Each structure stands twice: as C-alpha cells, then as structure tokens.
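Scroll down for the structure; my scribbles are underneath it.
Nothing in this text is a laboratory measurement; each read-out follows from the coordinates by a stated rule. None of the values given here were measured: they were computed from a predicted structure. Cβ coordinates were reconstructed from backbone atoms using ideal geometry, including for glycine residues, and neighbour counts include every protein chain displayed.
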Amino acid sequence: GFGTDLRRLREKPEPGRPRHSSTHTIQALLEPFKMVISFTGNEERERFAGKEIHSLLESGYRVIRLDLMPGIRMTNPFRLKSTDKGDQGMISSGISELLLQLDGKHLEPSELLNYLQLGKDGCYHFGLPLRSDDVILCRMEVLVRLISLLRREVETDTEKSAAIVVVDSLPFQVLKQICPLSRELHVLVPSDGISDDTLCEWELSDLFSCLPPGLKKYVSRSGRMSL
C-alpha cells in the first residue's frame, strides 16, 4: 500500500552511522538525472519516457518522475481510484502543494519524498496538479529550486535512485534555465513536417549554447525517419 511505499521511501541509516562510503559517494554522483523536452504529441512523449523509465527500473533504480507541463497534457500515472473519497485528494494534489511550499519556505531534498506516490508504471510521481496551469504559471525560480532539490535527493539518497523530468509546453526562456540542471537531455522533435525546421533548429542551437560542456544531449525525431 501507499503507507508502506512511503515508509520504504523514507528509510534512512541509523544516526551516527556513515551515510556513504567514498565509493558510494562517487557512484551517487553518477546517478541518472534525465530530462526529456517534448515538442511531439502525448503519445510519442509517453512512449519515449516509458522506455527510459523501464530501462532504469530494469537496472535496479528507484525512479522518480517529475512532469513540468499543463495538467491537461499529463497522463494519470496512478492506479484506479478507490471509492473511498478520502483517497482522492492525495492522488491529485502532490505537485500543487509542493510548488506552494517551495514558493514560501526552505525545504530539504528529502522532504520531496512526502509528495510522491507510486504509479502503476513502477516509478514515483508527484501527481496531477489541482488546476491545469499550476505548473506552467509557477515562477521560474521555484521550478529551478524544485529541479535542484530533486537532483540533490537523487545524488545523496542511500538507495540507488534516478530521476526523469518530462517537460512539455514550457517557453524556451524557461528551458534555458532548467535544462542545465540535468545530466542527460533528450529533445523530442516531430519528423512529419508539422514544425518549421529552420525555426526549430535555431531555437535548439540557441538552447544548446546555454548548456554546460559535460551535459549529454540527444535529439530524437519521432515517427518515421525522414530520408
């Protein structure tokens, strides 16, 4: 159940015990922290994100997924709601409540775990916002703080953890601030001629010029490969 998942999520080493061996610390700095920027439809985006998540789960990682997009673009990752009305609020409000908290007070990385639930895809989610615009109208500094905290949690957690941040419908101005926080960036672009290639290439090269040198970047064209 959810309570058990949360307890397991929060388990920490006993006080006074060393948190990491030096080997573990080096390994933690290599934990996957991926970002997917999608300019495609929901189906293509979810197919790609699903493969990434499956691959991380198969490799033994505990995976946390953060969706940064309008609520109407999100897919509900949770199991079917029970008929108990008390459960319904918990399913939808994780991300909205977290953004409110981050806008007003200092949070430790481990406190993010309080806002997570296990989805039917096997990874942990912050859930659907209360209002569709909650994420996209959030101040940029708050989104940057949220992603930074998530990365610190992945790097310092005692479990083998990974995170995937899935971004859709955010302005390039915001992308320039959040993309450098990832360790591996995947940009999904349509290959069916819907988008203006010249504009798309210019925007992407401008975005890539803001990224730190060590960050791995990939551009994937969805659908059939163009000849």
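Observations
- Distance histogram for the range 103-227 (every C-alpha pair counted, 10 angstrom bins, percent rounded to whole numbers): 10, 36, 36, 16, 2, 0
- Taking amide H as placed 1.01 Å from N in the peptide plane, the amide H of L66 sits under 5 Å from that of I164, V165, V166, each at least 5 places away or on another chain.
- Using θ = phi - 60° and Karplus 6.51 cos²θ - 1.76 cosθ + 1.60, couplings along the range 112-127 (whole Hz; Gly, Pro as x): 4, 4, 5, 9, 9, 9, 7, x, 6, 7, x, 10, 8, 10, 8, x
- Other-chain or far-sequence residues with amide H under 5 Å of V219's (modelled H): V187
- Peptide packing for 106-119, 64-77 was compared via the average number of neighbouring C-beta atoms within 10 Å per residue; ordered from the highest value, the list is 64-77, 106-119.
- The phi-based Karplus calculation (6.51 cos²θ - 1.76 cosθ + 1.60; θ = phi - 60°) puts the 3J(HN,Hα) values of the range 99-111 at 4, 4, 4, 5, 6, x, 8, 7, 10, 7, x, 5, 5 Hz, whole numbers, x for Gly and Pro.
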